[in-house]
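Reviewing the structure listed below.
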2 protein chains.
Amino acid sequence: MPVGYSELPELSAVAGVRLSAQAAQVRYEGRDDLVVMELAEGSRCAAVFTRNAFCAAPVIVAREHLAQHAPRYLLINSGNANAGTGAPGLDDARRSCAALAKRAGCDAAQVLPFSTGVIGERLPVQRIESALDGALANLSENNWSAAAHAIMTTDTVAKGVSLTLSIDGQTVTLTGMAKGSGMIRPDMATMLAYIATDAAVESSALQNCIQQAVEQSFNRITVDGDTSTNDACVLVATGASGAAVLDDAHPDYPAFCAAVSEVSTRLSQLIVRDGEGATKFVTVRVEGGHDSAECLQVAYTVAHSPLVKTALFASDPNWGRILAAVGRAGLSQLDIEQVELWLDDVCIVRDGGVAQDYTEADGQRVMNQDEILIRIALGRGAASETIWTSDLSHDYVSINADYRS
Amino acid sequence: MPVGYSELPELSAVAGVRLSAQAAQVRYEGRDDLVVMELAEGSRCAAVFTRNAFCAAPVIVAREHLAQHAPRYLLINSGNANAGTGAPGLDDARRSCAALAKRAGCDAAQVLPFSTGVIGERLPVQRIESALDGALANLSENNWSAAAHAIMTTDTVAKGVSLTLSIDGQTVTLTGMAKGSGMIRPDMATMLAYIATDAAVESSALQNCIQQAVEQSFNRITVDGDTSTNDACVLVATGASGAAVLDDAHPDYPAFCAAVSEVSTRLSQLIVRDGEGATKFVTVRVEGGHDSAECLQVAYTVAHSPLVKTALFASDPNWGRILAAVGRAGLSQLDIEQVELWLDDVCIVRDGGVAQDYTEADGQRVMNQDEILIRIALGRGAASETIWTSDLSHDYVSINADYRS
């Protein structure tokens, strides 16, 4: 069960986006594992992809296609990542796109492929192809929930969020869905996220918007420090609401960006809440750094420490492990006398040692919570950063030791 | 049970070094947890300490004392790290040294303190002091085994090694002991190591020797990526063998350094073999890098990946996780077509995808072994590096979630 999230809320249709979910038996039996998203003619699409050097075949093909045409279809499968598959994998991704394009009557480059699942196995293109007729026949604006379920891998719950905002007095909708729970880290993770709106947004404004949103959301979460070969986040604006076209000079553009950020942040936090084996949702905030980079350096060292994560799992206020992680984060000339460590409102470390008024009972009270803030004040500057992470439990080991078997 | 090591071998006495182990009830009941090592007058001593910014009180005091005097006593306790204890902790470390010095009739600065165990709790100086008379009364050259047991914390087995070599035709002895099993990482870890020899070695030659040895041994192992606040490695040369004094121009100096490296490497590998919850002993070798730094960058990214470590625990040849770790290691302009991945003698990845002759059965055969070599050839230079690590098991989580309770 995810921390502080129990089930997918109702997701609003977005005019101009139709979806369908199919059981193509890519890997799983008895569940949907293939999603087709159809974007209305004239939709604009912006995307951010993984920075992993071994990026998967669909990422390479999606980047190529996106550079050529405005996409009309997104083709997403779970169960197989089509990564580490070399030239045959690229061919598989291209053949899948071509198969859908042929049936839908568009150019193959108007289809963007996305895959998530096991690395290093050939994509079963034949089985995907066999499911495409059914997929196209079942397209509907009301299939967001089915799609959010079909893209899951080790996720224990489908993830999505909808909200509305007003542009020039006209209501527009944003709906997003995401999958991901392990292999989560900055710079995008085993994470696929799709956000669509019926607002109309000019292309470069749309791209700026998603990049900023990803930087402060999907690039600020970590479950286990591992980044994936397949991460992607796509933002689609269909314009079907009839609202005015936004560019970055429009007075409602900041509000639109804030809404996209809100959807991204909520989806990214859902991924952490559903982190593999997670029993805690942990915010790590580092303040008082010289710059953003060193704040992130400390935050990720703490968030990735297996000793900190197992202490969180045990609800053990073993703050020495947090301090040791701060100490090895590699900051030059860190004055430990200036460092403060807080768990929520409880100050644990001050002046290089335990705070005088700290009691184990206070630390234990915070550690017993499902949601915990670890706040580290470096006392040497004005920069701050916040990231979100989970603990390291027996279930994390079980899930990842058993994933392929 | 450590991987490939079952019990402490017989450790040879080193003329000029007497030890004793006592039960001081620092934390544990019914076991020794305090060691005094007495070094004969005229012994030389060199040491390497943790680089963690939050270094523990005993590290600070040991550094101070070492700068002032040739040490006559090492005072080591397990069960409490005296770290994160601020000014009172420094005072505790100094008082412990003074208490031993008073009874032994030397200067307090001739005692080096070492502590390992829980962080953030005051050292029970009174209980340590109460055990000192017994400790001094029981000093013997034949107590290495008892001492190696007394310094253990989460170790499941005592760790030590002895060897002899010839200097100018005279046989000298080296005996080393170490403790450590979690919080192990480059740049020294929760790791204490003491190596003594009855050879005579000039001071700067002794310091060079231990620094080189540590760099290629204790600084090349990782269990969980966490470095400790307390790490120390000490090399003592008593000169009691009567062998010629070695300086760095002596023809036997290289052989002596090689022997110290051999002892360091064996001790450091024992720490990994006894890594918390370890079921595998894994060598990660990265070849063909531009320089040593990028080889280590890739090696540690692979060795620290929770997904790689859980796959190792499951004996699952899930090489995609290794590839994904290589891809996110941050090497600029990595040409994935040039990268090869091997498990022992089995080539898995070549030309950007699965090697044509690779079979899952071959990968499974290697993964079923207790000792595994992961070899990554980057194909872009002549540098190489080797590190040693372990897997991530349920027992790792249990040990670290239950440590304080």
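For region A:1-141, what relative contact order do you get, as a whole percent, if you take Cα pairs closer than 8 Å and at least 6 residues apart? Let's see the in-between values first.
On the way: 276 pairs, mean separation 42.5, N = 141.
Relative contact order of region A:1-141: 30 percent.
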5 angstrom amide H check on B:Lys280, placed H, neighbours 5+ away: B:Asp391
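May I ask for the longest run of chain A untouched by GluC sites (Glu not before Pro) that are loop-located per DSSP and have at most 13 neighbouring C-beta atoms (other than their own) within 10 Å?
Details: sites that count: A:Glu7, A:Glu10, A:Glu29, A:Glu41.
Formally, the longest exposed-site-free interval is A:42-405.
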Using θ = phi - 60° and Karplus 6.51 cos²θ - 1.76 cosθ + 1.60, couplings along region B:37-51 (whole Hz; Gly, Pro as x): 10, 9, 10, 4, 3, x, 5, 10, 9, 10, 8, 10, 10, 3, 9
Solvent-accessible area of A:Asp168 with every protein chain in place, 1.4 Å probe, in Å² to the nearest 10: 90 Å²
All aspartates and glutamates inside 20 Å of B:Lys102 as judged from Cα atoms, apart from same-chain residues fewer than 8 positions distant: B:Glu38, B:Glu41, B:Glu64, B:Asp91, B:Asp92, B:Glu129, B:Asp133
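With a 1.4 Å probe and all protein chains left in place, how much accessible area per residue does the protein assembly as shown have, in Å²?
Result: 33 Å² of accessible area for each residue.
Could you tell me whether region A:1-137 comes out rounded, prolate or oblate from its Cα gyration tensor? Rule is a ≥ b ≥ c as square roots of the eigenvalues, rounded for a/c under 1.5, then prolate if a/b exceeds b/c, otherwise oblate. It would help to have the intermediate numbers written out before the result.
Details: a/c = 1.27, a/b = 1.05, b/c = 1.20.
Verdict is rounded for region A:1-137.
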Positive minus negative residues near B:Asp345 (Lys, Arg vs Asp, Glu; Cβ under 11 Å): 0
Pairwise burial B:A, computed as accessible area of each alone minus the pair, summed, 1.4 Å, Å²: 4200 Å²
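What number comes out for the charge environment of B:Gln126, summing +1 per Lys or Arg and -1 per Asp or Glu over other residues with Cβ under 15 Å away?
Numbers: positive: B:Arg27, B:Arg94, B:Arg95, B:Lys102, B:Arg103, B:Arg122, B:Arg127; negative: B:Asp33, B:Asp91, B:Asp92, B:Glu121, B:Glu129, B:Asp133.
Surrounding charge for B:Gln126 is +1.
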Residue of B:Met37, B:Met367, B:Met152 that the Gaussian network model of chain B assigns the largest fluctuation, springs spanning Cα pairs under 10 Å: B:Met367
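Counting each DSSP H run of 4 or more residues in the protein assembly as shown as -39500 (n - 2.57), what helix-only mean residue ellipticity at 222 nm follows after dividing by all residues, to the nearest 500 deg cm²/dmol?
Details: 23 runs with 263 residues, N = 810.
Value at 222 nm, helices only, nearest 500: -10000 deg cm²/dmol.
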Separation between Cα centres of region B:349-366 and region B:5-29, rounded to whole Å: 47 Å
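Ignoring any ligand, DNA or RNA, what whole percent of the accessible area of the protein assembly as shown comes from carbon and sulfur when the probe is 1.4 angstrom? Mind dumping the intermediate values first?
Values: 12190 of 26950 Å².
Looking at the protein assembly as shown in its full context, I get 45 percent from C and S.
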Relative contact order [Cα under 8 Å, 6+ residues apart], region B:95-149, whole percent: 33 percent
Under the span-like rule (Cα at least 24 Å along the axis, Kyte-Doolittle mean at least -1.0), DSSP H helices of chain B: B:86-104, B:253-273
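The values are calculated or read from the model by the stated rules, or taken from the named source; none is laboratory data. The shown structure was predicted, so the numbers you read here are calculated from the model rather than taken from an experiment. A quick note on method: Cβ atoms are made from the backbone with ideal geometry, for glycine too, and the neighbour counts reach across all protein chains shown. Each accessible area value is taken on the protein alone, full model and side chains, heavy atoms only, with ligands, DNA and RNA left out. Shrake-Rupley method; radii C 1.70, N 1.55, O 1.52, S 1.80 Å.
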